[in-house]
Amino acid sequence: MSSHRLSEVAAHINAKLKGDPDLVIERVQPFDNAQPGDIALAADIGYLGRLNESGASAFIVPERLPDGVNLTDGLNLLITSKPKLAFARAIQFLHISDRVATGIDPKALIGTDTRIGAEPSVYPGVVIGRGCVLGDRVTIHPGSVIGDDVVIGDDTTLYGNVTIYEKCQIGSRVIIHGGTVIGADGFGFVPDENGAQVKIPQTGNVVIEDDVEIGANCCIDRATFGSTVLRRGVKLDNLIQVAHNCALGEDTVVAAQVGLSGSTTVGRHVIIAGQAATNQHVTINDNVVVGGQAGVTKDVKAGLFVAGTPAQDHKQWKRAQVLVSRLPELFDRLKQVEKQLDGSKDKTESKS
Amino acid sequence: MSSHRLSEVAAHINAKLKGDPDLVIERVQPFDNAQPGDIALAADIGYLGRLNESGASAFIVPERLPDGVNLTDGLNLLITSKPKLAFARAIQFLHISDRVATGIDPKALIGTDTRIGAEPSVYPGVVIGRGCVLGDRVTIHPGSVIGDDVVIGDDTTLYGNVTIYEKCQIGSRVIIHGGTVIGADGFGFVPDENGAQVKIPQTGNVVIEDDVEIGANCCIDRATFGSTVLRRGVKLDNLIQVAHNCALGEDTVVAAQVGLSGSTTVGRHVIIAGQAATNQHVTINDNVVVGGQAGVTKDVKAGLFVAGTPAQDHKQWKRAQVLVSRLPELFDRLKQVEKQLDGSKDKTESKS
Amino acid sequence: MSSHRLSEVAAHINAKLKGDPDLVIERVQPFDNAQPGDIALAADIGYLGRLNESGASAFIVPERLPDGVNLTDGLNLLITSKPKLAFARAIQFLHISDRVATGIDPKALIGTDTRIGAEPSVYPGVVIGRGCVLGDRVTIHPGSVIGDDVVIGDDTTLYGNVTIYEKCQIGSRVIIHGGTVIGADGFGFVPDENGAQVKIPQTGNVVIEDDVEIGANCCIDRATFGSTVLRRGVKLDNLIQVAHNCALGEDTVVAAQVGLSGSTTVGRHVIIAGQAATNQHVTINDNVVVGGQAGVTKDVKAGLFVAGTPAQDHKQWKRAQVLVSRLPELFDRLKQVEKQLDGSKDKTESKS
């Protein structure tokens, strides 16, 4: 944490400043907890209507105010077309200290023929195999284990107890959180003559491109042949399963506990909500949104929002779910109709 | 394991003794496997009706016997209003050996300015950061990694390969099982002008209060601001996701593979069954029961039992599920009605 | 990787050779990527109809060709009744190097009274407790932690950061992937007089028989009494929960993120698809298939294929799901019927 003048913050987050440029800012804080010296975010009408209730010294606000909102004079404002983005950048600016390289701890165990770039922080209790190539400014926390012939780019961070199997490739500016396992064998077996399961060896690897972040206790399996791939900018939450030969496109975001079956292909800018899953060999195209707990059983066209198991158009699924909860009523009404019809039939028949 | 007289067991578990106080008891065992020297539990009619079939020397039985159950004379009984609780305490009494402090192993790596209380067991291969404060009688198993400025209370146990990120706070008598990750970054990103995901730094921590138990390979993420909180007595099973800024109330119990999205608030004495999930910002109030695989999409009032996705009253959900399986019949009946109506219309019309 | 004559490959995978026995084979590769020197699999009509499109030098093909398929002369073929099995064996033969024992690294920490058999590979950063017995040719990767009194058979491999609690028993030729936790406490609590959860100590262990493979970041909990058991040849994918006192039968296969509740009994040759779950004390009999995301709430008879929550016959579930998506139509049709009936009633009544 460090203090800055409001004008510096405005410049850094690329916002228009209205108010006191010399105001000293210490922190970013949530609207309701903010105190003097803090910046808060007021992106929508719920907050913009009550700026006077926050203790913040300055606010990040949208360029176009919602109808009916008028901000009083005398406020310190950082005005931007993308308030939430400005908020993220303000936190980065004010709360993230500069990295200090601690070097390679003598209690870290590094294999032969492994090269590590400039300014590393390799903590005690790290074990790195042979023939690895690590870039500059890598940070490897205690308990992380890196197999032979692994490549890691610049400015990449592995938190504690990460496991990376041999021959996997990790890009630059990648973050991998604690307990995640990269490159374990894909799950492939064939029953033999007696029904015993024979292992299909998994000869491939995992390729993680630049700017990927992977949460804690995830599993990204190596490919049977070739590579399981997370492309540039993919973000995974915790406890996610990515099976062998999956490929995830640029900037795709996957929430916790999602399970992607073998050879799932996911496009770019896709959002997959928590606990969703896919069948093997499914393709989810660009800009799709998959709802929480959905089960994607077949390909999904670009731009769709799907939900449910089997996954279908989100609105259709929602409508069907509402009607499911009205099934007792439906059965009653049908019974009524049947009764009426019996009566009416009797009447009609009695006339004959 | 240790042997005790039946009267000692009775005193310890706070039960009324009927039978031989000097009987020597070695173990607690399941009803059907018990042998002489064992105590077994007979809490309900299924067991109480066949005490003679068990090899146990003594039985924990309820104060109020079910109608029609009469226990024969000559049995050794531990009579209590809470048999299952007495059973748990009897196992604790007979099966749990006293902890022996092994000290701080010279192969454990402890950072500067870290203080560890009396009688610790810190095993080889443990890595603890700087500026930590650990209480008395802590037990830290091999492979566990503790970041800088972590606080841990008295009598707390971390099993193998646990990862605790910097600045998290763990209470007293807490148990954390293997592979669990406490304090990894919450999952927060904002797309920039080009659709690339920009990280919202997670500036908060995790606070785990006293008497919490957390299973293996769980993830409890640090808060964006402030703290993600597990209050006194919370019990988590394995592979559970607790996202940033969640708060779980006292004595709440969560089964395996549950996923709580960001800022989920859970009350006290709540029970959440396996693989259930919540949407962001949902509140589950006190004494709620959430069924297995449920998807909680909105707030749940105190005391309700909800199930399904979207989660709804459990009975209503169950009834709807039964009717879903009767949909083929429903469609048939409707077709029948339509047919009949067509016929009847014809008849009616032919008369006109 | 190593090169072999086609006749050697044929002999090893037990296939009939047609073509050049002296052809030199380097690798197995997928049909569409194969190059000269490669074997590819062409098991079904989609591939058999276009063998000329693959660059492979030889093909594994089925004994009985599908109707209408005629293979041109001059191809190098490995003919077998079980092509996929032959494929798995060919990969094993051509791609898996012989294991080289690296010994016990001096930076591995081994407890007193622990015996390790011949030709071990115990890597740096491994911590093994006291009184353990490890067989011949065990491979223990860095960061793995083995508690006291653990037994491990011959030719077993633990990958990085595996945690095995005390007294568990692991068979021969077992593979356990990174981050998996074997033998953590089962999840058992009883509320006391004040609603606080009292721990039921878990006095049992985990027994893993021969030829089992367990994926990454799984949790196999120890039994309350007795043992949680994975029988010979069980294969588990990643992130799977096996609760206390479960028993899984021979050659059963479980996909990622499945959750088996306490005392679930699973038969032999069962297949459980991803994210499925069971209630406590459920029995799934031999040869059952459980669909993805299913919730098994009661016993399943041998040989059934079940799906959905609550799990039911797969065809019935699928039919019901189709009808659920037709509910809007159903409601419309019913409304139509009701309208018509009102009209018809009016007509009938107007006649009276």
Under a crude label model (7 Å from the Cα following the beta-carbon direction), how far is B:Leu71 from B:Leu304 in nanometres?
4.2 nm
Here the percent of antiparallel bridges among DSSP beta bridges lying wholly in segment C:4-95, to the nearest 5, is 35 percent
Between the modelled labels at A:Glu63 and C:Thr102 (7 Å from Cα along Cα→Cβ) the distance in nm is 5.6 nm
Cα-centre dipole for segment B:135-267 with unit charges at Cβ (Lys and Arg positive, Asp and Glu negative), debye to 20
140 debye
Please report the Cα spread of segment C:57-186 along all three principal axes, rounded to whole Å, starting with the longest.
66, 35, 20
Can you bin segment C:236-318 into rounded, prolate or oblate? Criterion: square roots of the alpha carbon gyration tensor eigenvalues sorted a ≥ b ≥ c, rounded for a/c under 1.5, prolate for a/b above b/c, oblate for the rest.
rounded
Going by how many other Cβ atoms sit within 10 Å of their own, how do A:His95, B:His141 line up, fewest first?
A:His95, B:His141
Built amide H within the under 5 Å cut-off of A:Ile110, gap 5+
A:Ile128
Just counting partner chain Cβ atoms within 10 Å, what average do the residues of peptide A:269-276 show around their Cβ?
4
State, to one decimal in nm and shortest first, how far the label point of A:Leu71 sits from each corresponding label point in the other identical copies (label point: 7 angstrom along Cα-to-Cβ).
7.4, 7.4
Using θ = phi - 60° and the Karplus form 6.51 cos²θ - 1.76 cosθ + 1.60, what ³J(HN,Hα) does each residue of segment B:187-195 get, whole Hz, x for Gly and Pro?
9, x, 9, 10, x, 8, 4, 9, x
Among beta bridges assigned by DSSP with both residues in the protein assembly as shown, the antiparallel ones amount in percent, to the nearest 5, to 15 percent
Classified through the alpha carbon gyration tensor (a ≥ b ≥ c as square roots of its eigenvalues; rounded if a/c is under 1.5, else prolate when a/b is larger than b/c, else oblate), the protein assembly as shown comes out rounded
Distances longer than 38 Å among the Cα atoms of chain B: what percent of all pairs is that?
40 percent
Other-copy label distances relative to C:Pro328, 7 angstrom Cα-Cβ extension, nm:
2.6, 2.6
Listing A:Asp38, C:Asp149 by rising number of other beta-carbon atoms within 10 angstrom, fewest first, gives C:Asp149, A:Asp38
Provide the FRET efficiency to the nearest 0.05 for the A:Val24-A:Arg50 pair, computing r from the beta carbons and using R0 = 22 Å.
0.35
Rounded to the nearest 5, what % of the DSSP beta bridges within chain C are antiparallel ones?
15 percent
Span from the segment B:106-122 Cα centroid across to the segment C:177-254 one, whole angstrom
31 Å
Cut-off is 10 Å between beta-carbons; in what order do B:Leu236, B:Leu334 appear when sorted fewest neighbours first?
B:Leu334, B:Leu236
Only Cα pairs within less than 10 Å get springs; with that Gaussian network setup on chain B, which residue of B:Val296, B:Val61, B:Val151 has the largest fluctuation?
B:Val61
Using 7 Å Cα-to-Cβ label points, what is the A:Gln280/C:Asn33 separation (nm, one decimal)?
1.7 nm
Whole-Hz ³J(HN,Hα) for each residue in segment C:285-302, computed from phi via Karplus 6.51 cos²θ - 1.76 cosθ + 1.60 with θ = phi - 60°, x for glycine and proline: what do you get?
7, 4, 6, 6, 10, 10, x, x, 6, 5, x, 8, 9, 8, 4, 10, 5, 3
What does the copy distance list look like for B:Lys298, label position 7 Å along Cα→Cβ, in nm and ordered from shortest?
3.2, 3.2
Name the long-range amide H neighbours of A:Phe305: under 5 Å, sequence gap of 5 or more, or other chain; modelled H, no Pro or chain starts.
A:Val289, A:His314
Starting from the amide H of B:Ile104, placed 1.01 Å from N in the peptide plane, find each other amide H under 5 Å away whose residue is 5 or more places distant or on another chain.
B:Val122
Tabulate in residue order the Karplus-calculated ³J(HN,Hα) for segment A:240-255, using 6.51 cos²θ - 1.76 cosθ + 1.60 with θ = phi - 60°, rounded to whole Hz; enter x for Gly and Pro.
9, 9, 10, 6, 4, 6, 6, 9, 10, x, 3, 6, 6, 10, 10, 7
Filter the trypsin sites (Lys or Arg not before Pro) in segment C:38-84 down to the DSSP loop ones having no more than 13 other Cβ atoms within 10 Å, then list what survives.
C:Arg50, C:Arg64
Counting each DSSP H run of 4 or more residues in chain C as -39500 (n - 2.57), what helix-only mean residue ellipticity at 222 nm follows after dividing by all residues, to the nearest 500 deg cm²/dmol?
-5500 deg cm²/dmol
Given the options C:Gly160, B:Ile200, B:Ile45, identify the residue whose Cα lies farthest towards the positive end of the charge dipole of the protein assembly as shown (+1 on Cβ of Lys, Arg; -1 on Cβ of Asp, Glu).
B:Ile45
Rounded to two decimals, what is Rg over Rh for segment A:206-260 when you use alpha-carbon atoms and the Kirkwood radius?
0.92
For segment B:313-327 and segment C:1-77, what is the separation of their Cα centres, given in Å?
53 Å
Classified through the alpha carbon gyration tensor (a ≥ b ≥ c as square roots of its eigenvalues; rounded if a/c is under 1.5, else prolate when a/b is larger than b/c, else oblate), segment B:187-278 comes out prolate
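Every number in this text was worked out from the coordinates using simple rules, so none of it is lab data. Keep in mind that this is a model prediction, so the values were computed, not measured. Please note: Cβ atoms are built from the backbone with ideal geometry, for glycine as well, and neighbour counts cover all protein chains shown.
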